[in-house]
Amino acid sequence: MHLPKNQPNLLTNQTFIFLLLSFIFLTLFFSFLLLLFVEPVFKEVSNGFQVILFKEKLNEPVNEPVNDRQKEIISLIIQNNSISINELSKICKVGRETIKRDLSKLKNMNLIQRSGPAKGGHWQVVNGD
């Protein structure tokens, strides 16, 4: 049987739909399998908890939790506990956001803490020299 040119081919549409649904099913199936083999990590956050089902590996060394720049930041804080992010950025020759990440990591590791207001406050080294 010959179909007119303006009518879609039913067989092609059914094949396309079948392939699309098969792809979706396989994607969901393998995603589910991945969840079965990955152990979830539970982390406390301010208002409750967070579940991490998988975590991408970061380029942080496993045996050295504090890198050289972060050690330098601690040393600079010991020398001048009211040092600013801008000053740290200039001395370490990195951007402000990098310094903010380093300070956040050092605070999370309980190596430093900030006392007082954002302007006029000072840093304290908790563990260290």
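The values are calculated or read from the model by the stated rules, or taken from the named source; none is laboratory data. Remember, predicted model here, so these are calculated numbers, not experimental data. Here the Cβ positions follow ideal geometry from the backbone for every residue, glycine too, while neighbour counts run over all protein chains shown.
The figures follow:
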| quantity | calculated |
| --- | --- |
| Long-range neighbours under 6 Å by Cβ, at least six apart or interchain, first residue in the same structural domain as residue 77 (by TED's automatic domain parsing) and more than 15 Å from residue 67 (Cβ to Cβ) within region 88-116, second surrounded by 13 or more Cβ atoms within 10 Å (Cβ to Cβ) and of a type in the set (Ser, Thr, Tyr) | 96/89 |
| Filter result (acidic (Asp, Glu) and either at pLDDT below 90 or not in a helix (DSSP H, G or I) (or both)) within region 86-129 | 129 |
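Every residue, every condition in (1) more than 18 Å from residue 108 (Cβ to Cβ); (2) in contact with a helix residue (DSSP H, G or I) (Cβ under 9 Å, 6 or more places away or on another chain); (3) at pLDDT below 85, yes or no:
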| site | (1), (2), (3) |
| --- | --- |
| 1 | yes, no, yes |
| 6 | yes, no, yes |
| 24 | yes, no, no |
| 47 | no, no, yes |
| 58 | no, no, yes |
| 61 | no, no, yes |
| 68 | yes, no, no |
| 76 | yes, yes, no |
